[in-house]
Amino acid sequence: MAVLKVLEWPAKVLETKSEPVEKVDDEIKSFVADMHETMDAAGGIGLAANQVGRAVRVLTIMIPWSESRYADQEPEKKEPWHDKRWTFINPVIKKKNGKIRWQEGCLSFPEIYEFVDRASEIEVEALDENGQTFTVEANGLFSVCLQHEIDHIDGIVFINRMSRLKSSMVKKKVSKRQRLGSVEESVNDQS
Ligand SMILES: [Zn+2]
């Protein structure tokens with residue numbers, strides 16, 4: 001197992017539509033294990049394969065349930081999808097219902113948190129890490145996270161789901177931070 005490098009936007013692979021997995025073989029299984037390890041190490045609740053540079057339709061999710069997650073709010077209800085390690089290979093959204101607005105973050109956009117509108121409930125069919133077909137109904141954060149990750153493998157990043165104004169603000173913030181980052185790097189290079 002290995003922790004892979006998580007790519008930041010504007011890496012081109014993040015805006016590339018990913019190819020389906022043809023066969024869930026040992027190589028894909030070990031890649032899935034690496035993705036879970038990478039997601040945990042990065043402190044994310046979801047990860048798409050193209051975020052680690054590989055344009056295949058694979059995503060991982062693990063949403064811990066913790067009463068203390070929002071200290072100033074009512075404890076969230078524990079759902080069956082909490083604390084469960086999910087792998088979705090070739091996922092397809094079969095049904096969509098309702099609306100939900102959630103403040104989303106993304107490992108490929110460090111320190112950016114913005115509200116995005118999504119369907120509140122979805123039904124998804126996919127293969128698991130053993131190549132078995134399963135169907136799951138998702139609500140709440142699980143539904144939000146699944147739609148965010150399925151967008152990733154379709155080459156859609158969450159700024160594409162924001163208003164034009166919000167998305168241009170985020171782009172400015174990101175390029176400013178990346179400029180500062182490269183200045184720091186060159187300073188370090190000189191020492
Ligand atoms: Zn993301």
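What follows draws every value from the coordinates through simple rules; no lab data is involved. If you're wondering where the values come from, they're calculated on a predicted model, not measured in any experiment. Quick reminder, even Gly has a Cβ in these numbers, built from the backbone with ideal geometry, and neighbours come from all protein chains shown.
Here the sum of -39500 (n - 2.57) over DSSP H runs of 4 or more residues, divided by the residues of the chain, equals -10500 deg cm²/dmol at 222 nm, to the nearest 500.
Between ASN97 and GLU76, the modelled label-to-label distance comes to 2.0 nm, taking each label 7 Å out from Cα in the direction of the beta carbon.
The calculated FRET efficiency for the pair LYS171 and THR16, based on their C-beta separation and a Förster distance of 22 Å, comes to about 0.75.
For the cross-link pairs LYS12/LYS99; LYS5/LYS29; LYS78/LYS99; LYS99/LYS166; LYS17/LYS96; LYS17/LYS171, the ones whose C-alpha atoms lie over 23 Å apart are LYS12/LYS99. For the chain, the relative contact order works out to 22 percent when only alpha carbon pairs closer than 8 Å and six or more residues apart are counted.
Please work out, to two decimal places, the log10 of the ratio I(q)/I(0) at q = 0.12, 0.14, 0.18, 0.21 Å⁻¹ from a Debye calculation in which every Cα of segment 12-162 carries one identical scatterer. Those come out to -0.47, -0.65, -1.12, -1.56, one per q.
Positive contributions from Lys and Arg (+1) and negative ones from Asp and Glu (-1), summed over other residues with Cβ under 13 Å from the Cβ of GLU27, come out at -2. When the Cα gyration tensor is reduced to axis lengths a ≥ b ≥ c, the ratio a/c is 1.5 or higher for segment 1-96, and with a/b above b/c it is classed as prolate.
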